Amino acid sequence: MTHPSATSDTANLLALERLIEEIKDLQSKLILLVGSSKKRLLRALAQRLNGQPLNVGAGLGRRLAVTLLSDRSFSTNELLREITVGVADDAPLLLDNLEVLFEPSLKVNPLNVIKLLAHSRRVIAVWPGEVGDDRLTYARIGHPEHRDYSRDGLVVFEAAQRQ
């Protein structure tokens, strides 16, 4: 007997793999994973591709820690590219733990930083916030890291666990 969440996970994985193929020729090759099982889905995809999700927080955080505060906003895109060098160009880039990009001292637009990576290659990223009412949000209104984006023009894959 198959466990319902295992069936759901398999269906999600197959649908995501189809979507990854479909975005190959788009200008922005970005898929944002949202929903209750987004991290589990990213890990399953990584296993299927014989790869590893890239922990942006750890990799970028180490580089930013040794970068002057005044240089961080100019360096963020390049530092992020540096930590992705080890992933083959033809393989989708799997990104997790994006929270560091929302750090106010970086003075960057986190979604645009990820979108830039997705112009030249397929990027599947776990969105660390919420999705609803055709909006992507991160942190609550009034919080220094708060961001609110329209879903227009974005490929969003909801990895919800079905009951």
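Listed values, structure above:
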| item | result |
| --- | --- |
| Folded to 0 to 90 degrees: helix 4-22 orientation relative to the chain principal axis, Cα | 60 |
| Dipole-positive endmost among Asn77, Gly57, Gln47 within the stretch 1-79 (Cβ charges, Cα centre) | Gly57 |
| Within the stretch 104-163: Cβ-based charge dipole about Cα centre, in debye rounded to nearest 20 (Lys, Arg +1; Asp, Glu -1) | 280 |
| Shape of the stretch 73-149, Cα gyration tensor, a/c cut at 1.5 | oblate |
| Charged-residue dipole, Cβ positions (Lys, Arg, Asp, Glu), the chain about Cα centre, Debye nearest 20 | 240 |
| On Cα atoms only, tilt of 72-83 relative to the major axis of the chain in degrees | 40 |
| Point-charge dipole on Cβ atoms (K/R +1, D/E -1) for the stretch 25-91, about Cα centre, debye to 20 | 460 |
| Carbon plus sulfur fraction of accessible area for the chain, probe 1.4 Å, in percent | 50 |
| Degrees, to the nearest 10: 56-65 long Cα axis against longest axis of the chain | 10 |
| Helix-derived mean residue ellipticity, 222 nm - over the chain, DSSP H n ≥ 4, -39500 (n - 2.57), to 500 | -11500 deg cm²/dmol |
| Average accessible surface area per residue within the stretch 27-126, 1.4 Å rolling probe, Å² | 48 |
| Per-residue HN-Hα couplings for the stretch 92-98 [Karplus 6.51, -1.76, 1.60; θ = phi - 60°; Hz; x = Gly/Pro] | x, 8, 9, 10, 9, 6, 7 |
| Relative contact order of the stretch 24-154, pairs being alpha-carbon contacts under 8 Å that are 6 or more residues apart, as % | 33 |
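The values are calculated or read from the model by the stated rules, or taken from the named source; none is laboratory data. Here the structure is a predicted model, which means the values were calculated and not measured. FYI the Cβ positions are ideal-geometry reconstructions off the backbone, even for glycines, and counts take in every protein chain you see. Surface accessibility is based on the protein's heavy atoms, side chains included, excluding ligands, DNA and RNA. Shrake-Rupley method; radii C 1.70, N 1.55, O 1.52, S 1.80 Å.
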